[in-house]
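So the structure is just underneath, and the comments pick up after that.
The values are calculated or read from the model by the stated rules, or taken from the named source; none is laboratory data. Given the structure is predicted, the values throughout are model-derived calculations rather than measurements. Cβ placement follows ideal geometry from the backbone for every residue including glycine, while neighbour counts extend to all protein chains displayed. For the accessible areas, the whole protein counts, side chains as well, though only heavy atoms, and no ligand, DNA or RNA atoms are used. Shrake-Rupley method; radii C 1.70, N 1.55, O 1.52, S 1.80 Å.
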Amino acid sequence: MEMEKLIIPCNLIPRLEYAGIQPLDFDTPAAPADAEFYLRLHIDPLIVTINGKSTRLHAGDISCLPAGSDVRFSGESPGRHWGFRFSWGKVDSAAEVWELPTIIAMGGLQQSIIHECTHIAAGFNALTRDILERERKCKIASARLLTLLLELAQQSKRETQKSEKVLQQIITLLEGNLKEKLMMNQIASRVGVTQTYLSTIFKRRFGITISQYIQQRRISQAKELLTRTMLPINTIGQEIGMSDPQYFNKQFRRAVGISPSRYREKLYL
């Protein structure tokens, strides 16, 4: 399941329109107004639903939502966040652009990002009666926001490369051991990551859990063996890691809608 991406023009400073820390309002949609974007550094965990797809956010995760998105947040209590609402001017079609995912898993609150958010908000909200000084501070805050966006894009690209490498290792491990009862801690240890990181990147990449992936692949193998061989049903169950005949029959029926024996019978009708 691929996340949408925000296009960032590298040479165009955004127009910052709001900067500060506040709770989320769960009662109203969180989509920004037309021609605006909203960057949020989430301090508290919650769930965000973008265009019907829900994702769990942890403390430190970042959401950057483009205009026109159908966005809602939910959770046990309104989550606090650093928020920055901004818009772009006219973007040159020939300008260099970077991509920023709408959801960025940061692996926890990072002090360097909190520090930058604090400075951006302080500059934007600086109290001064001098109009020129006010404009200068807003421009500096907007330039710092662009720097933050580009840094996040770079970090996201590095994280994507890392996660794709880990995902390839996971798939290779799972495909080579479908018959085995692999535990999450074993898989995480084999590929050198935490169980939380493992679960998060797998679900975000494929839209299903590792257990669901294993189950789908086992049923797929069972269907192939039922089609291409005359092995006994119980033997097929053992071949795919479901040695209990009743369990195999139950899981196959749940996934396919009919029993393994009926599935084989229909092939020759």
**OP:** Have a look at Thr55, Thr128 and point out the one that is assigned to a loop (DSSP other than H, G, I, E, B) and touching a helix residue (DSSP H, G or I) at 6+ places or on another chain (Cβ under 8 Å).
**Re:** Thr128
**OP:** Within segment 88-131, track down each residue that is crowded, with 19+ Cβ neighbours inside 10 Å and either over 16 Å from Leu152 (Cα atoms) or aromatic (Phe, Trp, Tyr) (or both).
**Re:** Ala121, Gly123, Phe124
Subject >> Number of positions in segment 124-147 that are touching a residue at least 24 places away in the same chain (Cβ under 8 Å) and over 20 Å from Cys10 (Cα atoms) >> reply: 2
**OP:** From the list Ser199, Ser220, Ser259, pick out the single residue that is touching a Ser or Thr at 6+ places or on another chain (Cβ under 8 Å) and polar (S, T, N, Q).
**Re:** Ser199
Original post:
What number of residues within segment 38-57 satisfy the criterion of being open to solvent by less than 60 Å² (accessible area, probe 1.4 Å), modelled with pLDDT under 90 and under 15 Å from the mean Cα position of the chain (by Cα)?
Top reply: 7
Subject >> Subset of segment 43-86 (residues that are among the acidic types (Asp, Glu) and closer than 20 Å to Leu149 by Cβ) >> reply: Asp61
Subject >> Given (1) modelled with pLDDT under 90; (2) touching an Asp or Glu at 6+ places or on another chain (Cβ under 6 Å), number of the condition Arg129 does not satisfy >> reply: (2)
**OP:** Within segment 148-163, identify whether any single residue is touching a residue at least 40 places away in the same chain (Cβ under 8 Å), part of a loop (DSSP other than H, G, I, E, B) and not acidic (Asp, Glu), and answer yes or no.
**Re:** no
